[in-house]
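The values are calculated or read from the model by the stated rules, or taken from the named source; none is laboratory data. The model shown is predicted, which means the values in this text are computed figures rather than measured ones. Note that each Cβ is placed from the backbone with ideal geometry, even for glycine, and that neighbours are counted across all protein chains shown.
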Amino acid sequence: MSEVFFVGCGPGDPELITIKAKKLIQKADIIVYSGSLIPQPILKLCKKGKLHNAAKLVREEIFDLLYKNAKKNKLVVRLHDGDPSIYGAIKEQIDNLEKKGVKSTVVPGITAFLASAAALGTQLTLPGVTQTIIVTRAESRTKVPKREKISELAKHKATLIFYLSVHLLSELVKEAIKGGYKKSTPVAVIYRASWSDQKIIKGTLNNIVKKVQAEKITRTAIVIISNVIQPKSYEYSKLYDKEFSHGYRKAKIKLPKN
């Protein structure tokens, strides 16, 4: 049966790729990839296949490439940076292929916000701080529902992560404060997370805009707003607490009876 593989190749570091993704790239006859967002060392894994830069193509041309080559029983890979399910526009491609009898398989990859957390050397959730992560984008040409306005999401005081939004940082900060974050809330902007030219800019909602402007960063960056970046305090995990029993371990001390 005809098939197209939608493959995530990770955030930038060519070693942050799954074994499955690497094997598919090496065997592929056709690779349609996401422009400059895919590192050259990963593209060089393609030994025999033909490469097509999707940045130069429109939706219909991409679909045509995928469909016609899959129908010829060629191994077709649609290569996405990070993970295909995060702002990857794969649903429309999968649905159109399915209508024409072509099966799709999605191969997940490490996404940029996870590489950003690794770069910061921190957790995105911390007991006593927040147990929730919200991943979103600022409204621009792509609209968002009213309930997902930044000021509405900010009411949760969760770890708030933005893709495709650093060029709108000033508005983003304004809306986050409007929603209830204090001006002193820590913010981190990670430019090209895991790439060799990665940059980390830390600040607060009060000063992050000036710091990012000074670095002239306007694209390819993740924005994280959260107290987990620089917590004043947090609780230890219960999982490894000596007073905590679970399915694999009994508590090592007895709790006093009331």
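Does Gly10 count as modelled with pLDDT under 95, surrounded by 12 or more Cβ atoms within 10 Å (Cβ to Cβ) and under 23 Å from the mean Cα position of the chain (by Cα)?
In short, no.
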Across the range 142-174, what is the number of residues that are outside any helix (DSSP H, G or I), within 21 Å of Gly128 (Cβ to Cβ) and either free of Cβ contacts under 8 Å to residues at least 60 places away in the same chain or not β-branched (Val, Ile, Thr) (or both)? 3
Of Val106, Val135, which residue is in a strand (DSSP E or B) and under 14 Å from the mean Cα position of the chain (by Cα)? Val135
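Check Pro14, Pro41 and return the single one that is closer than 22 Å to Ser196 by Cα and not in a loop (DSSP other than H, G, I, E, B).
Details: Pro14 fails: not in a loop (DSSP other than H, G, I, E, B).
Just one listed residue meets the conditions, Pro41.
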Can you confirm whether the range 72-82 contains a residue that is part of a helix (DSSP H, G or I), touching a residue at least 24 places away in the same chain (Cβ under 8 Å) and out of contact with any strand residue (DSSP E or B) (no Cβ under 6 Å at 6 or more places or on another chain)? no
A careful count of residues in the range 130-163 that are closer than 18 Å to Ala117 by Cβ and aliphatic (A, V, I, L, M) gives 6
Looking at Ala112, is it among the aliphatic types (A, V, I, L, M), crowded, with 20+ Cβ neighbours inside 10 Å and modelled with pLDDT of 95 or more? yes
Which number in (1) touching a Lys or Arg at 6+ places or on another chain (Cβ under 6 Å); (2) crowded, with 20+ Cβ neighbours inside 10 Å marks the one condition that Leu75 misses? (2)
Of all residues in the range 30-51 being out of contact with any strand residue (DSSP E or B) (no Cβ under 7 Å at 6 or more places or on another chain) and surrounded by 15 or more Cβ atoms within 10 Å (Cβ to Cβ), which is modelled with the lowest pLDDT? Leu37
